Amino acid sequence: MKDRVLITGASGFVGYHLVEQALENNLEVFAAIRKSSKIDHLKELDIHYIYPDFSNQASLQKMLEDNQINYIIHASGITKARTPSEYGIVNTKYTVNLALAALDAKTDFKKFVFVSSLAAVGPLAKIEGMITEKTTPHPVTAYGRSKLVAEEKLAAIKGLNYTILRPTAVYGPRDRDIFIFFKQVKKGLEFHIGRNAQKLSFIYVKDLAKASIKALYMGEKKAYNLSDGNFYDRYQLAEISKSVLNLTTFKFHLPVNFVKVIALIAEKVSSLSNKASALNIEKLN
């Protein structure tokens, strides 16, 4: 009989690759999605769908027991929110609810893998430094703080076998965020916000998925920062893209304050429809 893994956020960019990798590793996959989720890209995969209520710990426990879940990879969460407190509810409280439900469930539960973010550690004060697992966390965004608090609360749950993964910026098939940048480069346009020096890092989504599956079986009660092992200055992503596509671009530097005004307007417009704006002040910190 195959071990059973619950993958939250399964319909998303990273979640899709987690599902694929879990299937390749002979796991029976239970995909946690919303009833409103688009799942056309998942329909060819041999998986089960479940619709958890993360706000209700008792119902989560019943769901885990009904499906006899052995492992959880918790990759759902939000990267944009209408209010700072929304990050705390979705990224922190819901994570803890699921972990506690797993601990209390009458199942042969083995491991909780939490896909956090390098934002939980925060940027370094000096560009010359390097973030390691020993770096003192100093998140500068509500998103990063919500992930860090979730990590701390998981570590405080007695008896929970967990591993925390902190990926840096993720790219690869089905990505939308970095793909927007690639599309602009293809059009011959290269936009940068401000002129300050930056050090960037990335991880390929399939590498993140492989690491997540490995974490099911190792790294007990530890946190790992994940990247491709390289650092890039703020222009290198564009330079690599232009080299591959054999293109030249017009380079534009947008003033930070100008972009903040645009972000503020976008937030106000989105609030009229009770939605979170993709461009927001939070992401400019």
Practice problem: Please enumerate the residues belonging to the range 204-256 that are closer than 25 Å to E151 by Cα, of a type in the set (K, R) and surrounded by 13 or more Cβ atoms within 10 Å (Cβ to Cβ). | Solution: K206, K210, K214, K222
Quiz item: Within the range 61-96, which residues are buried (at least 21 other Cβ atoms within 10 Å of the Cβ) and among the hydrophobic types (A, V, I, L, M, F, W, C)?
Solution: M63, L64, I69, I72, I73, A75
Quiz item: Is it true that Y94 is at pLDDT 95 or above and in contact with a strand residue (DSSP E or B) (Cβ under 6 Å, 6 or more places away or on another chain)?
Solution: no
Quiz item: Just a yes or no: is a residue in the range 35-42 touching a His at 6+ places or on another chain (Cβ under 7 Å) and either touching a residue at least 12 places away in the same chain (Cβ under 8 Å) or among the β-branched types (V, I, T) (or both)?
Solution: no
Quiz item: Counting only residues that are within 13 Å of K222 (Cα to Cα) and acidic (D, E), how many does the range 123-177 have?
Solution: 3
Self-check item: When residues of the range 186-203 are limited to those that are of a type in the set (A, V, I, L, M) and surrounded by fewer than 15 Cβ atoms within 10 Å (Cβ to Cβ), the one farthest from the chain's Cα centre (by Cα)
Solution: L189
Self-check item: Scope the range 75-100; condition closer than 19 Å to E220 by Cα and hydrophobic (A, V, I, L, M, F, W, C); matching residues
Solution: A75, V96, L98, A99, L100
Practice problem: Within the range 131-156, count every residue that is in contact with a strand residue (DSSP E or B) (Cβ under 9 Å, 6 or more places away or on another chain) and free of Cβ contacts under 8 Å to residues at least 40 places away in the same chain. | Solution: 1
Practice problem: Could you tell me whether the range 235-250 includes any residue that is aromatic (F, W, Y), under 22 Å from Y171 (Cβ atoms) and modelled with pLDDT under 85? | Solution: yes
Quiz item: Restricting attention to the range 115-158, which residues are in a loop (DSSP other than H, G, I, E, B), at pLDDT 95 or above and surrounded by fewer than 17 Cβ atoms within 10 Å (Cβ to Cβ)?
Solution: A156, I157, K158
Practice problem: Evaluate the following for A125: is it without any contact (Cβ under 8 Å) to a residue 40 or more places away in the chain and of a type in the set (A, V, I, L, M, F, W, C)? | Solution: yes
Quiz prompt | Filter result (among the polar types (S, T, N, Q) and modelled with pLDDT under 95) within the range 9-27 | solution = S11
Exercise. Hey, can you tell me all the residues within the range 78-87 that are within 15 Å of the chain's Cα centre (by Cα) and either in a helix (DSSP H, G or I) or closer than 24 Å to E28 by Cβ (or both)?
Key: Y87
Quiz prompt | Boolean, F109 is touching a Leu at 6+ places or on another chain (Cβ under 9 Å), modelled with pLDDT of 95 or more and in a loop (DSSP other than H, G, I, E, B) | solution = yes
Quiz item: Residues that are touching a residue at least 40 places away in the same chain (Cβ under 8 Å) and more than 15 Å from K251 (Cβ to Cβ): which strands (runs of 3 or more DSSP E) entirely in the range 169-223 hold 1 or more of them?
Solution: 169-171
Self-check item: Where a residue in the range 248-263 is over 20 Å from Y235 (Cα atoms) and its partner, wherever it lies, is of a type in the set (V, I, T), with Cβ under 8 Å and at least six apart
Solution: K260/I281; A263/I281
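I'd like the residue in the range 40-77 that is of a type in the set (S, T, N, Q) and part of a loop (DSSP other than H, G, I, E, B) and, out of all such residues, is farthest from the chain's Cα centre (by Cα).
For the range 40-77, the residue satisfying everything is Q68.
The values are calculated or read from the model by the stated rules, or taken from the named source; none is laboratory data. What you see is a predicted model; the values in this text were computed from it and never measured. Positions of Cβ are generated from backbone atoms using ideal geometry, with glycine treated the same way; all protein chains shown enter the neighbour counts.
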